[in-house]
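Report on the following structure.
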Amino acid sequence: MAWAEWEQLKAEAADKAGTQMRLNKAGPGGGGGKKGDLAVNQTDLSGVRDDAQKLHTRLWKEARVAVPPSETAAGDLTKQGFELGGALQHVAHRWDIQLKSLRDACGHIANHVDFTKYVHESDDQYVRTRVSSIAALDQAFDDDNAPKGEKNKADN
């Protein structure tokens, strides 16, 4: 590669610098003026929890309906000598296992949201307690609460 070609490539790269991907740090100006991670409010969490709980319930009521008739049909087909009976039994069994896994995942989501809410409520209470004790401590050192002799020295 010739020196002139190298210089040309460097110049082209510098021209494209604003459009390239940045790794390991946010671009200048960052995301929207807020620092920190993702923010979620209680309404968002409650909605996720409620949806997960509803899906958990609906999966049991509506999605599992196919399992008992499929198992019955599989048994009947097997008794009549059809190999399809074994395959249908396998499908019904796998459906039931997958459905249980999905219901468990929905339950974990709902439980995790409840746990998160509990943990953050106790964290918030702890922070409120600490901040209010600092405010009380600050008031104790206010000039209005200083002993009379100390108050006059502060004015001088």
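Structure above, values below:
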{"read-out": "FRET E, pair E83, A105, Förster distance 41 Å, beta-carbon r, rounded to 0.05", "value": "0.75"}
{"read-out": "Cβ-Cβ FRET estimate between T129 and A2, R0 fixed at 41 Å, reported to 0.05", "value": "0.05"}
{"read-out": "With DNA, RNA and ligands ignored, accessible area of T43 (1.4 Å probe; Å², nearest 10)", "value": "110"}
{"read-out": "Computed E for S122/T57 - FRET, C-beta separation, R0 30 angstrom, nearest 0.05", "value": "0.55"}
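The values are calculated or read from the model by the stated rules, or taken from the named source; none is laboratory data. These numbers were taken from a predicted model, which means no experiment stands behind them. Neighbour counts are summed over all protein chains in view; Cβ atoms, including those assigned to glycine, are modelled from backbone coordinates with ideal geometry. These area figures cover heavy atoms from the full protein model, side chains too; ligands, DNA and RNA do not enter into them. Shrake-Rupley method; radii C 1.70, N 1.55, O 1.52, S 1.80 Å.
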